[in-house]
Amino acid sequence: MLFYGVNGTVLLQWGSGGTSWLCIKSPTQRTPSSNSGGTLNSCNGMLSLDVLAFLAANPGALGQPIHAGQVFHAQTWFRDPPSFKTTNLSDGLTWVLCP
């Protein structure tokens, strides 16, 4: 599942003793969960989201109304059974909405 925020970044360890970090400052907006299509134990899955389509379909979503220059911060949350919390977080991604 991809989630995003528009209020900056933070660096919080994902569970005491975990190996991943929460990078998105609250509040955050979850997007619908999806399957990455990856192969077990291969780390080859991929998630994608058309952010403009998501925002158009969800007028009450965080970051609305959108505007040029708006900064978004995103991260994915995924199942990882061998990990400390049985889930992990991806690296963070930041982008600026252009006109």
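Computed quantities for the displayed model
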{"item": "Scan of the range 65-89 for residues that are without any contact (Cβ under 8 Å) to a residue 40 or more places away in the chain and over 17 Å from Leu2 (Cβ atoms), ordered by number", "result": "Pro65, His67, Ala68, Gly69, Pro81, Pro82, Thr86"}
{"item": "Residue that is farthest from Phe84 (Cα to Cα), among those in the range 2-14 that are surrounded by 16 or more Cβ atoms within 10 Å (Cβ to Cβ) and out of contact with any His (no Cβ under 7 Å at 6 or more places or on another chain)", "result": "Val6"}
{"item": "Residue among Gly69, Gly38, Gly60 that is of a type outside the set (A, V, I, L, M), under 30 Å from Pro82 (Cβ atoms), over 17 Å from the mean Cα position of the chain (by Cα) and in a loop (DSSP other than H, G, I, E, B)", "result": "Gly38"}
{"item": "Residues located in the range 15-34, provided they are assigned to a loop (DSSP other than H, G, I, E, B), farther than 18 Å from Asp80 by Cβ and either in contact with a His (Cβ under 6 Å, 6 or more places away or on another chain) or not hydroxyl-bearing (Ser, Thr, Tyr) (or both)", "result": "Lys25, Pro27, Pro32"}
{"item": "Phe54 vs. criteria at pLDDT 95 or above and either of a type in the set (Lys, Arg) or surrounded by 10 or more Cβ atoms within 10 Å (Cβ to Cβ) (or both)", "result": "yes"}
{"item": "Where Val96 falls short, out of the listed (1) modelled with pLDDT of 95 or more; (2) surrounded by 10 or more Cβ atoms within 10 Å (Cβ to Cβ)", "result": "(2)"}
{"item": "Per-region count, the range 22-48, residues surrounded by fewer than 16 Cβ atoms within 10 Å (Cβ to Cβ) and either touching a Pro at 6+ places or on another chain (Cβ under 7 Å) or under 15 Å from Gly92 (Cα atoms) (or both)", "result": "5"}
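Per-residue answers, yes or no, for (1) surrounded by 14 or more Cβ atoms within 10 Å (Cβ to Cβ); (2) modelled with pLDDT of 95 or more; (3) closer than 30 Å to Gln13 by Cβ:
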| residue | (1), (2), (3) |
| --- | --- |
| Pro59 | no, yes, no |
| Leu62 | yes, yes, yes |
| Val71 | yes, yes, yes |
| Trp77 | yes, no, yes |
| Pro81 | no, no, yes |
| Thr87 | yes, no, yes |
| Ser90 | yes, no, yes |
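The values are calculated or read from the model by the stated rules, or taken from the named source; none is laboratory data. In this text, all values refer to a predicted model and were calculated from it rather than measured experimentally. So basically every Cβ, Gly included, is an ideal-geometry build from the backbone, and we count neighbours across all protein chains shown.
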